[in-house]
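Structure record follows, encoded as structure tokens.
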Amino acid sequence: MRLIDYANPTRFLGLVAKILPWLAGATIVTFAVGLWLVFFRAPADYQQGETVKIMYIHVPFAWLSMFCYMTMAASALGTLVWRHPLADVSAKCAAPIGAAFTFLALATGSLWGKPMWGTWWVWDARLTSVLVLFIMYLGLIALQETIEDPLRAAKASAVLTLVGVVNIPIIKFSVDWWNTLHQPASVFRMGGSTIDASMLVPLLIMAVAFSLLFVWIHLMAMRNEIIRRRIRTMRMIEAAGAE
Amino acid sequence: MNALLALFAREWKLAVRVGGGALMGALFFLIVVTVVPFGVGPDLNLLSRIGPAILWIGALLATLLSLDRLFQVDRDDGGLDLILMGESPLELVVLVKCLAHWAATGLPLVIASPLLAIFMNMEPIAIGATTLTLLVGTPALTFTGAIGAALTVTLKRGGLLLAILVLPLTVPVMIFGVSSATAVLYGGMPFTTPFAILAALGLFAMVLGPVAAAAALRHAGE
């Protein structure tokens, strides 16, 4: 099985139809296990109390906001380099999901920041760079919506997506490069994680659950976009025939 | 090489002659800086503190405002198609166009900034530092903005979208531009640290901007 085999939208839709029920099931089961662990098993933090539970949704949202952008960047490469016909569908459908995840990462972080830092928002490097990521998602959506021709819109937004990739390392390393209020990375770091297993395991399960959710929504959105384009083509053929 | 020099001369002449609108940016810069004291009040101490930031924001907005002329005029009169078919590498052509555009619209901003800094009651050393950072920083804004100008070239009214696309990309330039100007005022860190990063960002934008803008122009021309 190669990626190019699924350049045919019909074959892709067939695969999606087979995968989707399993994916939905896996997402729901992982969420059930993850939420049960978070609410009934994970200990309250000795300093933060129960508010630490915001971490179990905030951190996956933040990871996925970047993962989603990298998905779009990979799709952009697919559009520009290999001209894969589904790459631009993938990029277009990932943008609103990424924007939503980024917004939720900012919102949950803000709700967590109020009791912990005493403020909803600080202009710290990590927060600001994520806000810039959010604006970039919105700009990409605006660009896709403004250019009428789908192919041209796909190429223009692919170029912008690749340029915007420079922001991703800035977000990742902002906590190391600048002295920020936001804490540095504690899960994936040199020398092992600094989080205790009782908190790390629920966090990782929640991260898997949200990643599955992302793939699930993304595939559904791609399916809808393919169908939407078919309807558009059918309408155009119909309009041409009616003359 | 001769073709590129001729292109530079052509762009420059078109920009500074009647209808080119080169000095419009500088005028807009003056107005933005004039409007600020009406908004924040005429407190001279406050103005001298936020002066570098105001000048930078004014320069950023003025640069954005003039960017849509970068490729739009050539697209309208068909010159862009000739450039695309020409033998010179498109990346270099974009680079030359950006340089000419900067010389006509960015340089007047840099020259005007010491005068406007006096309105802001800034210290002489801060005036010098801000002017220097603008001299290094405004080309970076033009090169980054070329990407947005190339992406929106096919749109009839792409000016607002251009600003939305370009502004997030200019944030790093803005941060290091203002922080090197304020480093002179308040100390804490040497001027050269953020200034070196600003210069590096400028060089980075000089490479990335023309390459990405050329890619966008090629796809827009298809």
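The values are calculated or read from the model by the stated rules, or taken from the named source; none is laboratory data. Just so you know, these numbers come straight off a predicted model, no measurement behind them. Note that each Cβ is placed from the backbone with ideal geometry, even for glycine, and that neighbours are counted across all protein chains shown.
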Residue selected from the range B:70-108 under the condition part of a loop (DSSP other than H, G, I, E, B) and not charged (D, E, K, R), by the criterion surrounded by the fewest Cβ atoms within 10 Å (Cβ to Cβ): B:Gly78
Conditions (1) touching a residue at least 12 places away in the same chain (Cβ under 8 Å); (2) over 30 Å from A:Thr146 (Cβ atoms); (3) of a type in the set (Gly, Ala, Ser); (4) within 13 Å of chain A (Cβ to nearest Cβ); number of the one not met by B:Gly145: (2)
Enumeration of residues in the range B:175-222 that are among the β-branched types (Val, Ile, Thr), under 24 Å from A:Asp124 (Cβ atoms) and facing chain A (nearest Cβ under 10 Å): B:Ile175
Pairs with Cβ under 7 Å, 6+ apart, first in the range A:217-243 and in contact (Cβ under 8 Å) with a residue 40 or more places away in the chain, second surrounded by 10 or more Cβ atoms within 10 Å (Cβ to Cβ) and hydroxyl-bearing (Ser, Thr, Tyr): A:Met222/A:Ser90
B:Val136 surrounded by fewer than 24 Cβ atoms within 10 Å (Cβ to Cβ) and either facing another protein chain (nearest Cβ under 10 Å) or assigned to a helix (DSSP H, G or I) (or both): yes
Of all residues making up the range A:103-126, the number that are in a helix (DSSP H, G or I) and within 13 Å of chain B (Cβ to nearest Cβ): 1
Breaking point among (1) within 30 Å of B:Ser179 (Cβ to Cβ); (2) at pLDDT below 85, for B:Pro52: (2)
Test: residue in the range A:80-95 that is charged (D, E, K, R) and over 30 Å from B:His219 (Cα atoms): no
Residues within the range A:71-86 that are touching a helix residue (DSSP H, G or I) at 6+ places or on another chain (Cβ under 7 Å), in a helix (DSSP H, G or I) and either under 30 Å from A:Ile195 (Cβ atoms) or more than 14 Å from chain B (Cβ to nearest Cβ) (or both), tallied: 5
Of residues in the range B:174-194 being of a type in the set (S, T, N, Q) and in contact (Cβ under 8 Å) with a residue 24 or more places away in the chain, the one nearest to B:Ala205 (Cα to Cα): B:Ser180
Flag if A:Ala100 is of a type outside the set (D, E, K, R), free of Cβ contacts under 8 Å to residues at least 24 places away in the same chain, part of a helix (DSSP H, G or I) and within 13 Å of chain B (Cβ to nearest Cβ): no
Scope the range B:38-48; condition surrounded by fewer than 18 Cβ atoms within 10 Å (Cβ to Cβ) and closer than 22 Å to B:Gly128 by Cβ; matching residues: B:Leu44, B:Asn45, B:Leu46, B:Ser48
B:Leu198 at pLDDT 90 or above and either within 15 Å of the chain's Cα centre (by Cα) or farther than 25 Å from A:Val130 by Cα (or both): yes
Enumeration of residues in the range A:11-48 that are of a type in the set (S, T, N, Q) and at pLDDT 85 or above: A:Thr27, A:Thr30
Options A:Ser90, A:Ser129; residue that is part of a helix (DSSP H, G or I), under 15 Å from A:Val215 (Cβ atoms) and among the hydroxyl-bearing types (Ser, Thr, Tyr): A:Ser90
Tally, over the range A:29-43, of residues that are in contact with a Leu (Cβ under 9 Å, 6 or more places away or on another chain) and either farther than 15 Å from A:Ala197 by Cα or exposed (fewer than 14 other Cβ atoms within 10 Å of the Cβ) (or both): 2
Qualifying residue in the range B:147-163 (condition: over 21 Å from B:Ala62 (Cβ atoms), touching a Ser or Thr at 6+ places or on another chain (Cβ under 9 Å) and modelled with pLDDT under 90): yes
Residue satisfying all of: in the range A:133-163; at the interface with chain B (Cβ under 7 Å from one of its Cβ atoms) and within 15 Å of the chain's Cα centre (by Cα); farthest from A:Ala74 (Cα to Cα) among these: A:Ile135
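Each row is one residue, and each column tells you yes or no for (1) in contact with a Lys or Arg (Cβ under 9 Å, 6 or more places away or on another chain); (2) without any contact (Cβ under 8 Å) to a residue 40 or more places away in the chain; (3) assigned to a helix (DSSP H, G or I); (4) crowded, with 24+ Cβ neighbours inside 10 Å.
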{"residue": "B:Ala149", "(1), (2), (3), (4)": "yes, no, yes, yes"}
{"residue": "B:Leu155", "(1), (2), (3), (4)": "no, yes, no, no"}
{"residue": "B:Leu165", "(1), (2), (3), (4)": "no, yes, yes, yes"}
{"residue": "B:Pro172", "(1), (2), (3), (4)": "no, yes, yes, no"}
